1. Can you confirm whether Val78 is under 24 Å from Ser145 (Cβ atoms) and surrounded by 16 or more Cβ atoms within 10 Å (Cβ to Cβ)?
2. Could you please find all residues in the range 40-74 being within 25 Å of the chain's Cα centre (by Cα) and in a loop (DSSP other than H, G, I, E, B)?
3. Which condition does Ser83 not pass, out of (1) farther than 18 Å from Arg122 by Cα; (2) surrounded by fewer than 20 Cβ atoms within 10 Å (Cβ to Cβ), if it passes all the others?
4. Take Leu80 and decide whether it is of a type in the set (A, V, I, L, M, F, W, C) and either touching a residue at least 12 places away in the same chain (Cβ under 8 Å) or more than 30 Å from Glu6 (Cα to Cα) (or both).
5. Any residue in the range 8-27 that is exposed (fewer than 12 other Cβ atoms within 10 Å of the Cβ) and in contact (Cβ under 8 Å) with a residue 12 or more places away in the chain?
6. Condition first: within 22 Å of Gly101 (Cβ to Cβ) and hydroxyl-bearing (Ser, Thr, Tyr). Now tell me which residues in the range 12-59 satisfy that.
7. Quick check on my filter: what residues within the range 97-146 are out of contact with any Leu (no Cβ under 6 Å at 6 or more places or on another chain), part of a helix (DSSP H, G or I) and of a type in the set (Gly, Ala, Ser)?
8. Do we have any residue at all in the range 122-135 that's among the polar types (S, T, N, Q), in contact (Cβ under 8 Å) with a residue 24 or more places away in the chain, surrounded by 13 or more Cβ atoms within 10 Å (Cβ to Cβ) and farther than 21 Å from Tyr11 by Cα?
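Taken together, the values in this text are just the output of simple stated rules run on the coordinates, not laboratory data. Since the model is a prediction, treat every value here as computed from it, not as a measurement. Methodologically, a virtual Cβ is constructed for each residue, glycine included, from the backbone with ideal geometry; neighbour enumeration extends over all protein chains shown.
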Amino acid sequence: MAMTFELSGDYGYVVLVLAAYIFFNFWMSIQVLLARERYNVDFPTMYALESENKDAKLFNCIQRGHQNSLEMMPAFVVTLLLSGLYCPVGAAALGVVYTVGRYYYFKGYATGVPDNRLTVGRFAFMALLGLMILTTVVGVRLVLSR
């Protein structure tokens with residue numbers, strides 16, 4: 001038995017949060033490019049070597065802040081879009097917390113002190129957990145609607 005549903009206008013908030021995160025990711029990419037210039041790390045080098053570059057740790061922290069956000073992006077996007085089917089305003093709110101948390105995660109990491117990424121950045125992980133729970137609720141509701 002197929003379940004049909006209609007997207008509410010509130011799902012637009014989910015789409016807007018996703019668009020904001022994509023712009024944010026683009027901004028982080030630019031920060032890595034600027035760090036490449038500032039710290040003399042040429043392409044295709046992914047990580048600078050401390051034995052060859054006195055600023056390697058600073059560059060690597062900026063690069064890792066972006067790379068980690070890319071690694072987490074699939075889980076965020078999928079859970080945001082799916083959980084938004086059930087609870088669009090809640091999913092969008094969690095998406096905003098995730099995006100702001102990722103900003104502070106990136107900025108904290110970019111200081112060159114990796115522990116700084118978790119000061120406010122830990123809220124991104126809590127928001128992702130919320131999205132994972134909401135996505136599980138969507139799955140259970142679909143199974144129970146058979």
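1. Against the criterion (under 24 Å from Ser145 (Cβ atoms) and surrounded by 16 or more Cβ atoms within 10 Å (Cβ to Cβ)), Val78 does not qualify.
2. Correct list: Val41, Phe43, Pro44, Thr45, Met46, Tyr47, Ala48.
3. Result: Ser83 passes all but (2).
4. Yes; evaluated as a whole, the condition is true for this residue.
5. Checked the range 8-27: no residue is exposed (fewer than 12 other Cβ atoms within 10 Å of the Cβ) and in contact (Cβ under 8 Å) with a residue 12 or more places away in the chain.
6. Tyr13, Tyr21, Ser29 - these are the residues of the range 12-59 that are within 22 Å of Gly101 (Cβ to Cβ) and hydroxyl-bearing (Ser, Thr, Tyr).
7. Gly101, Gly108, Ala124, Gly139 - these are the residues of the range 97-146 that are out of contact with any Leu (no Cβ under 6 Å at 6 or more places or on another chain), part of a helix (DSSP H, G or I) and of a type in the set (Gly, Ala, Ser).
8. no
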